[in-house]
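Enquirer: This is the structure I want to talk about, given as structure tokens.
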Amino acid sequence: MRRVLALLLAINLLFGLWLGLRAMSVSEESEFLPASAARLELVSDLPPDVRASRERCAELGPFSSEDQLQELPALDESVWSLGTVVTGEQSLYRVYLGPAADRAGALAILADVRQRLEEAGLDIDSYVVAEGVLDNAVSLGLFGNVDNAERVRDQLLQLDFDAQLEPEVRRSEVLWLSARLRDIPEGQLESWRAILAADGAISISENLCETIAHRK
């Protein structure tokens with residue numbers, strides 16, 4: 001009996017010693033963890049001198065089209081970068097014929113379609129697509145409702161036209177200009193502010209370059 005008690009006591013002592021050593025090991029490891037592993041720092045929380053050391057950029061926008069950029073004098077493409085931001089998407093449905101092998105063939109199909117639509121008493125807009133994957137196709141409408149698109153396609157099929165229906169996605173995009181502050185000619189931003197003041201939707205702001213890059 002005494003041997004059993006002695007054995008149990010020895011086991012308890014060894015187990016207690018193991019727990020103590022394990023706790024010390026965990027404590028030592030936590031002391032040597034790098035500061036970056038212990039916490040995250042927001043840029044806004046950094047000291048001013050540290051923030052100033054980060055490279056900063058100017059950002060202008062949004063512009064609805066590249067035509068608006070013509071209003072900015074001395075726009076150097078080697079300094080300013082043009083980026084796009086998608087602001088929305090719309091699902092549409094196109095009904096079309098073709099595409100033809102060339103523009104002459106597309107115009108011949110268009111003339112035939114318009115004549116037969118008129119004879120059938122159908123008022124359907126038609127035109128030749130001038131660019132993109134459907135270049136030289138004859139479009140019979142771009143619809144926001146698939147039921148309307150199917151109705152027009154079926155009317156054309158009844159006239160023995162090989163009408164096709166395909167979905168399209170239209171994306172709304174705006175343009176933004178950005179450049180490193182150190183690369184911008186002196187006084188350029190100030191002169192542009194006066195020009196852009198007439199359009200309240202376009203603004204000039206400054207931010208960390210890495211923040212602007214992530215947003216694009």
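Only the coordinates and a few stated rules stand behind these numbers; no lab work does. None of these values were measured; they are calculated from a predicted model. Note that we place each Cβ from the backbone using ideal geometry, even for glycine, and neighbour counts take in every protein chain shown.
Enquirer: Which whole-Hz couplings ³J(HN,Hα) result when phi for each residue of the stretch 150-160 is put into the Karplus expression 6.51 cos²θ - 1.76 cosθ + 1.60, θ = phi - 60°, listed in order with x for Gly and Pro?
Expert: 5, 5, 5, 4, 5, 5, 6, 4, 5, 8, 6
Enquirer: Then there's this: Could you rank the peptides 155-164, 90-99 by their average count of other C-beta atoms within 10 Å per residue, with the highest value first? Walk me through the intermediate numbers first.
Expert: Values: 155-164: 14.7, 90-99: 17.9.
Listed from highest to lowest mean packing, they are 90-99, 155-164.
Enquirer: To continue, here is another question. What's the center-to-center distance, using Cα atoms, between the stretch 138-216 and the stretch 64-112 in Å?
Expert: Taking the Cα centre of the stretch 64-112 as reference, the centre of the stretch 138-216 is 9 Å away.
Enquirer: Tabulate in residue order the Karplus-calculated ³J(HN,Hα) for the stretch 94-108, using 6.51 cos²θ - 1.76 cosθ + 1.60 with θ = phi - 60°, rounded to whole Hz; enter x for Gly and Pro.
Expert: Whole-Hz 3J(HN,Hα) from phi for the stretch 94-108: 10, 10, 7, 10, x, x, 7, 5, 8, 5, 4, x, 5, 5, 5.
Enquirer: Quick check: from the Cα gyration tensor, does the stretch 104-150 come out rounded (a/c under 1.5), prolate or oblate?
Expert: Oblate shape, in that a/c is at least 1.5 and b/c is the bigger or equal ratio.
Enquirer: Which FRET efficiency, nearest 0.05, do Leu69 and Gln164 yield, Cβ-Cβ r, R0 35 Å? Don't skip to the end; give the middle numbers.
Expert: On the way: r = 37 Å, r/R0 = 1.07.
The pair Leu69/Gln164 has a calculated efficiency of 0.40.
Enquirer: Compute the label zone of Glu190 within the stretch 55-73: residues whose backbone N is under 20 Å from the point 7 Å along Cα-to-Cβ.
Expert: In the stretch 55-73, the label zone of Glu190 (backbone N under 20 Å from the point 7 Å along Cα→Cβ) covers 57-60, 72-73.
Enquirer: Taking a ≥ b ≥ c as the square roots of the eigenvalues of the Cα gyration tensor of the stretch 91-170, is the shape rounded (a/c under 1.5), prolate (a/b larger than b/c) or oblate? Walk me through the intermediate numbers first.
Expert: Working: a/c = 1.97, a/b = 1.05, b/c = 1.89.
Oblate.
Enquirer: What residues have an amide H closer than 5 Å to that of Tyr127, excluding those fewer than 5 places away on the same chain, when H is modeled at 1.01 Å from N in the peptide plane?
Expert: Ser139
Enquirer: Counting only residues 5 or more places away or on other chains, whose amide H sits under 5 Å from the amide H of Glu168 once H atoms are built in the peptide plane?
Expert: Leu92, Tyr93, Arg94
Enquirer: Let me ask something else. Give, rounded to the nearest 20 debye, the magnitude of the charge dipole that the stretch 122-216 has about its Cα centre when Lys and Arg contribute +1 at Cβ and Asp and Glu contribute -1 at Cβ.
Expert: Charge dipole, the stretch 122-216, about its Cα centre: 600 debye, nearest 20.
Enquirer: If each residue of separation counts as 0.36 nm, what is the full-extension length gain between Glu119 and Thr84 once their alpha-carbon separation is subtracted?
Expert: Values: separation 35, 0.36 × 35 = 12.60 nm, distance 4.62 nm.
Net length gain for the segment: 8.0 nm.
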